[in-house]
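The values are calculated or read from the model by the stated rules, or taken from the named source; none is laboratory data. The shown structure was predicted, so the numbers you read here are calculated from the model rather than taken from an experiment. Methodologically, a virtual Cβ is constructed for each residue, glycine included, from the backbone with ideal geometry; neighbour enumeration extends over all protein chains shown.
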Amino acid sequence: MGCDVLWISPFFECAGKGTAIDYNMHGYDTTDYYAVNSLFGTEEDVLALVAECHERGMKIIFDFVPNHTSSAHPWFKDSIAGKNGKRDWYVWSEDGKGSNPMGASPAWFYNEEAGAWYYAPFWEHMPDLNYKNAAVQKEMRSVVFYWLDRGFDGIRVDAARYLIEDGSRSADSDSTHQWFTDLHARIQKRYKAPKVMLGEIWLERRRDSLEAYFGSAEKPEFDLVTDFDTGRAQLGSVLIGASSLPDASYENPHDIKGAAYAAFLCNHDEYQSRLGSVFGNDYKRITLSLVLAALRPPVPIIYYGQEIGLADMNLSGDIRHRGPFDWQTAQKLLEQSDSSIHVLQKALALRKQYATTITDATVEDLSPNRGQCAAYVLHPQDSSQKDMLCVFNFSANDFSEYIFTKKQKPLSVWTKDEMIFATPEAEGVGLVLEDERLVVTNIPARSAVVFLLDQ
């Protein structure tokens, strides 16, 4: 398909294990960070997967869950009993007073054996580790190094915002930033080959707080930071048939080498429904969503099944997003040259071919004469590279002519154009560059085209 990194969900031994299709074995309730979930296989199987990825020229990262463990973890049992120096490995309180940073649910739970309250904002059975304890910090760094030493190319850090509480501040604390900055530095020092840190930072419409997780050029924190705003704008534009892209025209940081946002249309969590549940069997809109995600500056994360328009299961909770892959549908789509899979392959190939143009670009949104279409120009940092014009028709209507105006320099700065990508049926789209406006002609419903622009 053209993906070059595989992110696998938690594969460690966990408390909640089951094989029934309606059983939510999410894996975020770890009982042993050094052991592989027996339902998945063995450590040898994991290492074979790593080797197969590398054989194909791909990288592989694992889901690191540092904030909490299962209440069934031996560490927590020792903490309750006050054994083996583990009492302070978790966050305990005499009164259990305090709010939950994620909403109205309780964050503190009383344990009779310990005679105290423990902090577990995600769930009663997933208590938070205490990172004010140096032994906890050392152990969790050891977990990271254990698996990176075995060939993994990086980590996706779960719930990174909530790692360390500073007084009344239970999210985005200075201590949390400091810990991840230190971990990044240790990883870069320990390994010759680059290792990546992707942070799950679930923040929406709080760009300054989100961007802070990149750190600085002198002290980088995360290489990739999740961007939940972009995915909502992308899916929303295709769903309503009108552009909301200017509300999320976010660029990757230009002052930190290699730093980038990472965005998805849907994922394993309570974020957005799967494409098949949003659009049904409307593969034009499914394909348009995939292309849009591939041609924006943030690094696209493709949740398995997205490429075939997989739908949610008829279940409640986030388990509905975690159903089995539909291999029969995939095979049918592979046999169709203009299917969502093949169009996505072409879009990802284009992204690789023009990697710096897209990823490092500044984004200039053009003003449409109506709201059903959107166009933006990606201006590369390297002035020797050509500008890239991306045009999307989100509506169910064909347009013989669609007009955009430029907000900044006059359109006459561009004198030539070359189409380098088009969704099926959009190969006949034309482009006229005038002094005051840009005219797109013959653009079909729910389609996308990309042009290179010469100055």
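A few points about this structure:
- Residues of the stretch 111-167 that are of a type outside the set (A, V, I, L, M, F, W, C), over 29 Å from A262 (Cα atoms) and at pLDDT 95 or above: N111, E112, E113, G115, Y118, Y119, E124, H125, K132, N133.
- When the stretch 24-69 is filtered for residues that are assigned to a loop (DSSP other than H, G, I, E, B), more than 23 Å from the chain's Cα centre (by Cα) and loosely packed, with under 15 Cβ neighbours inside 10 Å, the ones remaining, listed by number, are S38, L39, G41, T42.
- Residue identified as in contact (Cβ under 8 Å) with a residue 24 or more places away in the chain, among the small types (G, A, S) and more than 18 Å from L198 (Cα to Cα) among A114, A134, A160: A114
Yes/no per residue for (1) of a type in the set (A, V, I, L, M); (2) touching a residue at least 24 places away in the same chain (Cβ under 8 Å); (3) not assigned by TED's automatic domain parsing to the domain that holds H54:
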| site | (1), (2), (3) |
| --- | --- |
| K192 | no, no, no |
| V196 | yes, yes, no |
| I201 | yes, yes, no |
| P220 | no, yes, no |
| R232 | no, yes, no |
| H254 | no, yes, no |
| K257 | no, yes, no |
| R274 | no, yes, no |
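- When the stretch 35-76 is filtered for residues that are in contact (Cβ under 8 Å) with a residue 60 or more places away in the chain and among the basic types (K, R), only K59 remains.
- Scope the stretch 146-187; condition more than 23 Å from the chain's Cα centre (by Cα) and closer than 22 Å to W7 by Cα; matching residues: Y146, D149, R150, R186
- Hits in the stretch 4-21 - residues which are surrounded by fewer than 18 Cβ atoms within 10 Å (Cβ to Cβ) and in contact with a helix residue (DSSP H, G or I) (Cβ under 7 Å, 6 or more places away or on another chain): L6
- Matching entry among P106, P101 (being over 20 Å from T30 (Cβ atoms), outside the structural domain of R161 (by TED's automatic domain parsing) and either among the hydrophobic types (A, V, I, L, M, F, W, C) or free of Cβ contacts under 8 Å to residues at least 24 places away in the same chain (or both)): P106
- Of the strands (runs of 3 or more DSSP E) that lie entirely inside the stretch 328-416, those containing 2 or more residues that are free of Cβ contacts under 8 Å to residues at least 60 places away in the same chain span 399-405.
- Test: residue in the stretch 87-94 that is surrounded by fewer than 16 Cβ atoms within 10 Å (Cβ to Cβ) and basic (K, R): no
- Qualifying residues in the stretch 138-181 (those that are outside any helix (DSSP H, G or I) and β-branched (V, I, T)) - the one nearest to D45 (Cα to Cα): I155
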